[in-house]
1. What shape does the protein assembly as shown take by its C-alpha gyration tensor, where a ≥ b ≥ c are the square roots of the eigenvalues and a/c under 1.5 counts as rounded, a/b above b/c as prolate, and the rest as oblate?
2. How big is the antiparallel share of DSSP beta bridges in chain B, given as a percent to the nearest 5?
3. Only bridges with both residues in the protein assembly as shown count here: give the DSSP antiparallel percent, nearest 5.
4. For residue B:239 and residue B:353, compute 0.36 nm times the residue count separating them, minus their Cα-Cα distance, and round to one decimal in nm.
5. To make sure I understand, if each residue's beta carbon is the centre and we count other beta carbons within 10 Å, what order do B:168, B:302 fall in, fewest to most?
6. Mean separation of Cα pairs under 8 Å and 6+ residues apart, divided by the residue count of segment B:51-159: what relative contact order is that in percent?
7. Just need the relative contact order of chain B here, percent rounded to a whole number, with Cα pairs under 8 Å and 6+ apart.
8. Suppose R0 equals 41 Å. What FRET efficiency, 1/(1 + (r/R0)^6) with r the Cβ-Cβ distance, do residue B:22 and residue A:132 give to the nearest 0.05?
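Values in this text are rule-based calculations from the coordinates and carry no lab data. A quick note: this is a predicted structure, and the numbers were derived from the prediction, not measured. Reconstructed Cβ throughout: ideal geometry from the backbone, glycine too, with neighbour counts over all protein chains shown.
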């Protein structure tokens, strides 16, 4: 695996790659290309060692490769914002063909699902309290009669408003149902031609980018950012903290390998793993949920690398500061995974948050990465639309790598 | 019998002392849940309003302006820009500056006055389905209602008031959470989630730490019967769980105005039944892990699906049909139904006995299985 990073054929001739021995200090006649070659050999050796660690530890592999797929499926199938099959109970006190037609309107599109009948208003509240239904439609006596007189007939819809987004959708649908029912009744009375478009005024809606309103398409970018944050921050901070805990870091420093070489060698395999994850999640997303890819591939690749570099830098910084696996776990959860889930716009809209959280969300890199993913995948954006997101990602990556490498070097000097 | 109580007390006290000694653990058990509850409660607002809207008014008449104003009036849509062409509006949708475009066609006012059917075009950015759904609902609610009204006026004019257009009106009434507060919806879910994270994780990691350090071996040579040892060890975590849930509910009630409608006794009984499950899971995970790190990953593997397949965020009936039966093995699902019922809807035992029985049965089953394995590992 390391051979990729070494110039052709060279390492086989030298001493075993893991232990570059015989390194005379201050060799006078060493050429520049020779130094570069040694740099690559050492980095490659370290990266190979780290890759071996990863391969030997099934849990790391699970976290890195299986968990992203499990999360993708759980979020994609388990979380659904397009809420249909809302359980509906009916209290029909009119018992006419007209009232039954109204119930049919409600259940026709699978948005509501009939779960039973209730006799009166008291029973309706009880059914909602016990959670046996989320909505109760009450059709009063005389419903058909008032319609036949050309009046406006009012029916009641009692909603369990505990779940906010379900309720908002039920309310919106109830309005549509009223218009559908009115159109049907008016058409039946012969006073108006059938079909809503014949009203003097109506809406013509056209939904772009995600016309079927699938929440899986909305969530996959967030899952990608979350699993990257998980691997890049948690796994690197654990891997480096483990070396401190066991004292093998000191041993590494005793070798002629430079600090920068250690950092690059340690992080490289995780960068590779992150790249595999992005491909894995996006491919599985396309395959299972029909996730489109409409925009610029280079922008997506650039954003992914920048985001990963920032996260890797953060993981390194955590491990340098904590030097302890348990504390590193906690610190990673709090500083990377929680914000990437909560304050990134993954599932919860940022514009609804109170001001302090909104301000704080600007320093959460996942926020920008998710915006890039949604832009490229769903809206077909390129660099001209997305540079305001790429810029903070680059800043964060540069800052994190610089600070963590500086701390890493100082810690030992 | 008395000797057992003394032995149980001794293990219990030892376990409490050990927990209190570790400052970080005390923080993890008390402060962290509180902070997370507040953070989640404030951060999660699933309501949709002020959707950024770009307006293309190609008619530029008094009629078109008043129609647009009326569509923006209820605050669901908020105008961010006016542009001259549909192309410019679509560009704003593409780069995310606006999520809705309202296009009023040319001759809008003329068509309306002549009674020629006309349409306002609503272009939506469907990236976020909840937002586009509510936005489109708001737009068609106004336009459809106004359309019917105009039809009625037209009929009135034509027939001189002889014939009237019948109409169906649906009058919604919101129960239990009429302010549509997301925090009220989320607090019970967060409480159940935090209980799962804390009690399962702490039990699993605490016990595997003992295995790691080797103190579990030492306990083996004491004359303690295994069931007592186990009870003494999980007892403190159950109490921590009850304490945490009290904190969470109190914070929910004070900070987020969550109602407490039902019986608190029933609530605590239900919570205790749920804790049997979470602590049992922690015990089970600890018997399967050799190190704390393994226990951590094991707990993570259980907690994540439990959270996502519980109905905490979106209702279970919205999941695909094949996935819904899987949620039946999830204790969090039943706890959540019970807690939302009791606290928010004032449900009584007769409403939620199913949830309580399921939690008790699962709890006894999980804890029993875990104890058997635990006994094997210790012995």
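1. Oblate.
2. Antiparallel bridges make up about 25 percent of those DSSP assigns within chain B.
3. 15
4. Length difference between fully extended and current span is 38.7 nm.
5. B:302, B:168
6. 30
7. 18
8. Between residue B:22 and residue A:132 the formula returns 0.35.
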